[in-house]
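**Q** Okay, here's the structure, questions in a sec.
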Amino acid sequence: MKDNSIFYATDLWLIMLLLFVMLVVATYVGMHVGLIRKPYATATDEHSVVIASVLGLQGLLLAFTFAMAGSRFEARRQSISDENTGIRTVIMMADLYEPAERQEFRKEIKAYLDTRIKYYEMDFKPTLLAATREKSRLLILTIWKRAVRLSRNPDNQLASEQMIPALHELLKVQEARHTAVRDRVPDPIVYMLFILSLATAFFAGYAGIGRKRRDWLAILIFHFLVAIVIYITLVLDRPRRGIIKLNDMHQMTVELRKFYKEAL
């Protein structure tokens, strides 16, 4: 899924408001269709089977989508933790070098750490995010090239044997983090979830035509709960937008600044 897709770029509250309105409208349309087809709509046995089937499909797809979004959320959480561990390790490995090289390593590591903190704290602006992500990639490559150059000196054998694997691991977790950010629930699955929800709302209105009165309070509460469940599911799938964020893991990244100063 691309960051600039219409679905991902649109504010989630607006999408949920639109969905809720569409659910109510679908129920209303179902009632009117039921009035037109009243001789068939009052035969509730068949409709009960249809409604139960659609509700079952909706619940199954909701559970499936929530599981997908939850697993991706945990992957992003783990990727930040892994990168924090990688940065901490590289900071410690810099102590193995001579003072002059150690100072340069630490300077570049600090620049990389500041860039990663900035990357998380930025607003959702795809162009700026891509530029910051590219800057962090270039910074880690600069550190890597320094380590490779110093490895040609036999005096740095011990330091190189520790630093190069640590940098290699940091490169891997950086890429894993970028992949986890972009790995989201595909739009077609979300669209199918919306379609099933609308179908459920329609059949609820259609099959209820035989009742003397319509309980709109129950209908509105049900549609509201459906919209909230879908909202929470999609919030998990939006790493930079919504009420559920990875601020606790990011705080650990910020605390690495203190660890960096202590290592000086």
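**Q** Report yes if some residue within region 239-248 is in contact with a Phe, Trp or Tyr (Cβ under 7 Å, 6 or more places away or on another chain) and of a type outside the set (Phe, Trp, Tyr); otherwise report no. Talk me through it step by step, then tell me what you get.
**A** First pass over region 239-248, keeping only residues in contact with a Phe, Trp or Tyr (Cβ under 7 Å, 6 or more places away or on another chain): 240-241.
If we keep only those that are of a type outside the set (Phe, Trp, Tyr) as well, we get 240-241.
Taking every residue of region 239-248 in turn, at least one turns out to be in contact with a Phe, Trp or Tyr (Cβ under 7 Å, 6 or more places away or on another chain) and of a type outside the set (Phe, Trp, Tyr).
**Q** Is it the case, given these coordinates, that Phe73 is open to solvent by less than 40 Å² (accessible area, probe 1.4 Å) and touching a residue at least 60 places away in the same chain (Cβ under 8 Å)? Don't jump to the end; show me each part of the working.
**A** Values: open to solvent by less than 40 Å² (accessible area, probe 1.4 Å): yes; touching a residue at least 60 places away in the same chain (Cβ under 8 Å): yes.
It is true that Phe73 is open to solvent by less than 40 Å² (accessible area, probe 1.4 Å) and touching a residue at least 60 places away in the same chain (Cβ under 8 Å).
**Q** Exactly one of (1) surrounded by 17 or more Cβ atoms within 10 Å (Cβ to Cβ); (2) farther than 28 Å from Arg182 by Cα; (3) within 32 Å of the chain's Cα centre (by Cα) is unmet by Lys107. Its number?
**A** All conditions are met except number (1).
**Q** Are any of the residues in region 110-122 touching a helix residue (DSSP H, G or I) at 6+ places or on another chain (Cβ under 9 Å), open to solvent by 60 Å² or more (accessible area, probe 1.4 Å) and at pLDDT below 90?
**A** yes
**Q** Report yes if some residue within region 206-214 is part of a helix (DSSP H, G or I), open to solvent by less than 90 Å² (accessible area, probe 1.4 Å), of a type in the set (A, V, I, L, M) and modelled with pLDDT of 85 or more; otherwise report no.
**A** No; the residues of region 206-214 include none that is part of a helix (DSSP H, G or I), open to solvent by less than 90 Å² (accessible area, probe 1.4 Å), of a type in the set (A, V, I, L, M) and modelled with pLDDT of 85 or more.
**Q** Taking the condition free of Cβ contacts under 8 Å to residues at least 40 places away in the same chain, more than 30 Å from Gln103 (Cβ to Cβ) and surrounded by fewer than 13 Cβ atoms within 10 Å (Cβ to Cβ), does Leu217 pass? Quick ask: steps written out before the conclusion?
**A** Details: free of Cβ contacts under 8 Å to residues at least 40 places away in the same chain: yes; more than 30 Å from Gln103 (Cβ to Cβ): yes; surrounded by fewer than 13 Cβ atoms within 10 Å (Cβ to Cβ): yes.
It is true that Leu217 is free of Cβ contacts under 8 Å to residues at least 40 places away in the same chain, more than 30 Å from Gln103 (Cβ to Cβ) and surrounded by fewer than 13 Cβ atoms within 10 Å (Cβ to Cβ).
**Q** Related question: Test Ala100 against the criterion of being of a type outside the set (Asp, Glu) and either open to solvent by 40 Å² or more (accessible area, probe 1.4 Å) or in contact with a His (Cβ under 6 Å, 6 or more places away or on another chain) (or both), and give yes or no.
**A** yes
**Q** If you don't mind, there's one more thing I want to ask. Determine, yes or no, whether Thr179 is on the phi < 0 side of the Ramachandran plot, exposed (fewer than 14 other Cβ atoms within 10 Å of the Cβ) and in a helix (DSSP H, G or I).
**A** yes
**Q** Still on this structure, please answer the following. Is one or more of the residues making up region 184-192 more than 30 Å from Phe20 (Cβ to Cβ) and exposed (fewer than 13 other Cβ atoms within 10 Å of the Cβ)?
**A** No, because not a single residue in region 184-192 is more than 30 Å from Phe20 (Cβ to Cβ) and exposed (fewer than 13 other Cβ atoms within 10 Å of the Cβ).
**Q** Separate question: Pick out the one residue from Met1, Met68 that is out of contact with any strand residue (DSSP E or B) (no Cβ under 6 Å at 6 or more places or on another chain), modelled with pLDDT of 90 or more and not charged (D, E, K, R).
**A** Just a single option satisfies the conditions, and that option is Met68.
**Q** Can you tell me which residues in region 155-211 are closer than 30 Å to Glu74 by Cβ and of a type in the set (Asp, Glu)?
**A** Hits for region 155-211 are Glu169, Glu175, Asp183, Asp187.
**Q** Then there's this: Out of Glu104, Glu83, report the one residue that is farther than 30 Å from Thr10 by Cα, assigned to a helix (DSSP H, G or I), of a type in the set (Asp, Glu) and at pLDDT 90 or above.
**A** Among Glu104, Glu83, only Glu104 is farther than 30 Å from Thr10 by Cα, assigned to a helix (DSSP H, G or I), of a type in the set (Asp, Glu) and at pLDDT 90 or above.
**Q** Does Val25 qualify as being closer than 30 Å to Asp215 by Cα, open to solvent by 70 Å² or more (accessible area, probe 1.4 Å), at pLDDT below 90 and part of a helix (DSSP H, G or I)? Break it down stepwise before answering.
**A** Working: closer than 30 Å to Asp215 by Cα: yes; open to solvent by 70 Å² or more (accessible area, probe 1.4 Å): yes; at pLDDT below 90: no; part of a helix (DSSP H, G or I): yes.
Answer is no for this residue.
**Q** List every residue pair whose Cβ atoms lie under 9 Å apart, where the two residues are 6 or more positions apart in sequence or sit on different chains, the first residue falls within region 129-153 and is in contact (Cβ under 8 Å) with a residue 40 or more places away in the chain, and the second residue, located anywhere, is open to solvent by 40 Å² or more (accessible area, probe 1.4 Å) and charged (D, E, K, R).
**A** Leu129/Asp123; Leu129/Arg240; Arg146/Glu101; Arg146/Glu104; Leu150/Glu101
**Q** Considering only region 218-264, state which residues are outside any helix (DSSP H, G or I) and more than 24 Å from Leu198 (Cα to Cα).
**A** Pro239, Arg240, Arg241, Ile243, Ile244, Lys245, Leu246, Leu264
The values are calculated or read from the model by the stated rules, or taken from the named source; none is laboratory data. As the structure is a computational prediction, the values presented were derived from the model and not from experiment. Positions of Cβ are generated from backbone atoms using ideal geometry, with glycine treated the same way; all protein chains shown enter the neighbour counts. The area values use the complete protein model at the heavy-atom level, side chains included, leaving out ligands, DNA and RNA. Shrake-Rupley method; radii C 1.70, N 1.55, O 1.52, S 1.80 Å.
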